[in-house]
Amino acid sequence: MIRRLAGALLLTLAGAPSPTVLMIQRPRSMRHFPGVWSFPGGLVEASDRGGREWVSPADTGTSLCLSTESYLHRWDLSAPPIHAWLPPDDPGAVETAARAAWREVQEELGPDISSVVAEERRMRYLGRLSPPPSVEFGFDTRFFALAVRPFRIVPEPAEVAQACWLRVSAVLEGGLEMAKPTQYVLERLEDCLRSQKA
């Protein structure tokens, strides 16, 4: 099985009365998940191996609200025990994925996002999702959250068909085409944000 390291960033709207997240629709021309709604992010590139530290080292060792084990329990009861095939999470991989997620957000939505994130802010590491061994090719994705103020979105047409702020509850009511990992993350997001404030 082939797993490629990736990072996804859930941009949440600071001060919103209910959890609100920025979602993008992928162009129909894309090779992977064409036309689906997802979170900004993408594969790790060589340039993501060094640079600004986005995740506090303490965050990588805490109890995470997203896990491959709970995801597979939700969607694939036939998957073998996770300890048999998924290596332990690596803080270095988490940080690299965070840098990839941040780079991808700027590439997909425009550089103006930098102006709504204070320099001292760090992403919250939510957890990791990886497909089971029965899936030949997939993405070993680390998910992060970052609260921001509204900003001018400049979608990159080759990567983003449309982007908009959506209430999580409205998205879960149906109507948007999403991959199963995206749906799982949205189902868990309110609990994730609540634990962040605790």
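Every number in this text was worked out from the coordinates using simple rules, so none of it is lab data. This one's a predicted model, so the numbers in the text were calculated from it and none came from an experiment. Note that each Cβ is placed from the backbone with ideal geometry, even for glycine, and that neighbours are counted across all protein chains shown.
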For the pair Arg121 and Trp85, the simple spin-label estimate (label points 7 Å beyond Cα toward Cβ) gives in nm 3.8 nm
Counting sequence-distant residues (5 or more places) and residues on other chains, those with an amide H built under 5 Å from that of Glu177 are Trp37
Per the beta carbon screen (other Cys under 4.7 Å), unpartnered cysteines of the chain come out as Cys164
The long-range amide H neighbours of Leu5, using H built 1.01 Å from N in the peptide plane and a cut-off of under 5 Å, are Val44, Asp140
Expected max-MSF residue from Leu86, Leu22, Leu11 in the GNM of the chain (alpha carbon, under 10 Å) is Leu86
For region 1-109 the GluC sites (Glu not before Pro) that pass both the DSSP coil test and the at-most-14 other-Cβ-within-10 Å test are Glu45, Glu53
With DSSP loop assignment and no more than 11 other C-beta atoms within 10 Å, the trypsin sites (Lys or Arg not before Pro) in region 22-67 are Arg28, Arg31, Arg52
Which of Val117, Val55, Val171 fluctuates most in a GNM of the chain (C-alpha springs under 10 Å)? That residue is Val117
With label points set 7 Å from each Cα along the Cα-to-Cβ direction at Val36 and Trp75, the distance between them in nm comes to 0.6 nm
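Taking only the alpha-carbon atoms of the chain, what semi-axes of the equivalent ellipsoid follow from 5 times the gyration tensor eigenvalues under a square root, in whole Å, largest first?
Whole-Å semi-axes of the equivalent ellipsoid: 24, 20, 18.
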Distance in nm between Ser18 and Asp112 label points, each 7 Å along Cα→Cβ, equals 2.7 nm
For region 143-160, Karplus-derived ³J(HN,Hα) couplings (6.51, -1.76, 1.60; θ = phi - 60°; whole Hz; x for glycine and proline) come out as 10, 9, 10, 8, 7, 9, 7, x, 9, 6, 8, 10, x, 7, x, 6, 10, 9
Across Pro132, Pro81, Pro27, the residue with the highest GNM fluctuation in the chain (Cα network, 10 Å cutoff) is Pro81
